[in-house]
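Reviewing the structure listed below.
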Amino acid sequence: MEIELIPLLSDNYGYLLHEPASKQTAVVDPSEAAPVLAFAKARGRKIDYVLNTHHHPDHSGGNLGIKTETGCRIVGPAPDRARIPGIDIALDEGERFALGAEEAEILFIPGHTKGHIAFHFRGAAAVFCGDTLFSLGCGRMFEGTPPMMWASLEKLRRLPGETRIFCGHEYTAANARFAVSIDPENAALRRREAEVTRLRAEGKFTIPSTMAEERAANPFLRADDAGLAAAVGRAGAAPSEVFGEIRRLKDNFK
């Protein structure tokens with residue numbers, strides 16, 4: 001499966017997916033219609049599906065414009081179907097979505113929103129996780145709780161290490177600054193920080209990373225690490241509580 005990043009708005013990413021055997025094409029989380037349609041047209045692609053991870057307008061604002069132009073079908077989370085513009089196919093935990101010969105398993109990962117899902121294309125070693133997991137970070141809990149979000153991150157963390165993380169925003173440099181403030185001796189984090197600095201200086205994307213990289217370097221996936229718990233003043237606490245404290249610190253980080 002071919003995957004191309006589409007920069008949208010100020011820091012969003014949409015993704016154009018193309019399965020060459022069937023010639024089927026999907027776009028993930030289109031913030032706006034016009035640039036997505038232009039991106040697809042320039043590559044000779046007709047969009048067959050829109051895949052939404054959650055309802056926020058910066059991930060679904062282009063749904064109806066793309067549907068009007070192409071007649072595509074819109075796929076989104078069953079738990080949040082009432083808030084997905086133009087939804088045709090509503091999917092939940094464990095269900096499958098096929099894009100030609102490629103198949104995605106749906107993961108229910110609430111916390112950022114109550115109805116958030118991810119699309120895990122195991123055969124393509126790719127997960128589209130919206131705003132639940134970022135490189136070196138995670139999403140804010142607008143509608144969820146720390147135990148809910150931690151459970152979702154644990155679910156993602158169990159994916160194979162080679163899984164590429166295609167998230168919703170280019171937040172990696174800011175996430176790195178926070179991460180090193182609480183985990184400065186983490187060698188994997190320091191390597192990723194240096195890589196991100198270089199990529200951004202060259203005007204390049206920092207996405208995708210891999211799950212193996214995130215397990216080693218992302219503090220939000222390491223809330224069950226005793227050293228990190230102690231570093232944030234929560235030694236001996238449950239991982240969900242440690243996670244909640246890390247998220248609180250990030251929310252107030254300058």
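The values are calculated or read from the model by the stated rules, or taken from the named source; none is laboratory data. The structure presented is a predicted model; accordingly, all values stated were derived computationally and were not measured. When we count neighbours, we look across all protein chains shown, and the Cβ atoms used for this are built from the backbone with ideal geometry, even at glycine. Note: accessible area is taken over every heavy atom of the protein model, side chains too, but ligands, DNA and RNA are not part of it. Shrake-Rupley method; radii C 1.70, N 1.55, O 1.52, S 1.80 Å.
Points worth noting:
- Whichever residue in region 167-191 is more than 26 Å from HIS59 (Cα to Cα) and hydrophobic (A, V, I, L, M, F, W, C) and, among such residues, is most open to solvent (accessible area, probe 1.4 Å): ALA187
- For region 194-209, the set of residues classified as free of Cβ contacts under 8 Å to residues at least 40 places away in the same chain and either out of contact with any Phe, Trp or Tyr (no Cβ under 8 Å at 6 or more places or on another chain) or closer than 23 Å to ARG248 by Cα (or both) consists of ALA194, GLU195, THR197, ARG198, ARG200, ALA201, GLU202, GLY203, LYS204, listed by residue number.
Every residue, every condition in (1) under 21 Å from TYR13 (Cβ atoms); (2) in contact with an Asp or Glu (Cβ under 6 Å, 6 or more places away or on another chain); (3) at pLDDT below 95; (4) not polar (S, T, N, Q), yes or no:
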| site | (1), (2), (3), (4) |
| --- | --- |
| GLY62 | yes, yes, no, yes |
| THR68 | no, no, no, no |
| CYS72 | yes, yes, no, yes |
| PRO77 | yes, no, no, yes |
| ALA82 | no, no, no, yes |
| ILE89 | no, no, no, yes |
| PHE119 | yes, no, no, yes |
| VAL127 | yes, no, no, yes |
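- Cβ-Cβ under 8 Å pairs, at least 6 apart or on other chains, region 210-229 side of a type in the set (Phe, Trp, Tyr), far side open to solvent by 10 Å² or more (accessible area, probe 1.4 Å) and at pLDDT below 95: none
- Count of region 192-206 residues which are out of contact with any helix residue (DSSP H, G or I) (no Cβ under 7 Å at 6 or more places or on another chain), surrounded by 15 or more Cβ atoms within 10 Å (Cβ to Cβ) and of a type outside the set (Asp, Glu): 1
- Residues of region 230-254 satisfying the condition of being touching a residue at least 40 places away in the same chain (Cβ under 8 Å) and polar (S, T, N, Q): SER240
- Boolean, GLY115 is without any contact (Cβ under 8 Å) to a residue 24 or more places away in the chain and part of a loop (DSSP other than H, G, I, E, B): no
- When region 94-106 is filtered for residues that are in contact with a His (Cβ under 7 Å, 6 or more places away or on another chain) and either part of a loop (DSSP other than H, G, I, E, B) or surrounded by fewer than 21 Cβ atoms within 10 Å (Cβ to Cβ) (or both), only GLU105 remains.
- Conditions (1) closer than 27 Å to MET1 by Cβ; (2) touching a strand residue (DSSP E or B) at 6+ places or on another chain (Cβ under 8 Å): number failed by MET149: (1)
- For region 56-93, a tally of residues being open to solvent by less than 40 Å² (accessible area, probe 1.4 Å), small (Gly, Ala, Ser) and part of a loop (DSSP other than H, G, I, E, B) returns 2.
- Being at pLDDT 95 or above, within 29 Å of PRO7 (Cα to Cα) and surrounded by 15 or more Cβ atoms within 10 Å (Cβ to Cβ) is a property that GLU214 has.
- Among residues of region 245-254, those that are assigned to a loop (DSSP other than H, G, I, E, B) and either of a type in the set (Phe, Trp, Tyr) or crowded, with 19+ Cβ neighbours inside 10 Å (or both), counted: 1
- Members of region 2-24 that are open to solvent by less than 50 Å² (accessible area, probe 1.4 Å), in contact (Cβ under 8 Å) with a residue 60 or more places away in the chain and either more than 17 Å from HIS169 (Cβ to Cβ) or aromatic (Phe, Trp, Tyr) (or both): TYR13, TYR15, LEU17, GLU19
- Considering residues of region 222-237 that are surrounded by 13 or more Cβ atoms within 10 Å (Cβ to Cβ) and among the small types (Gly, Ala, Ser) only, the residue farthest from GLY137 (Cα to Cα): ALA237
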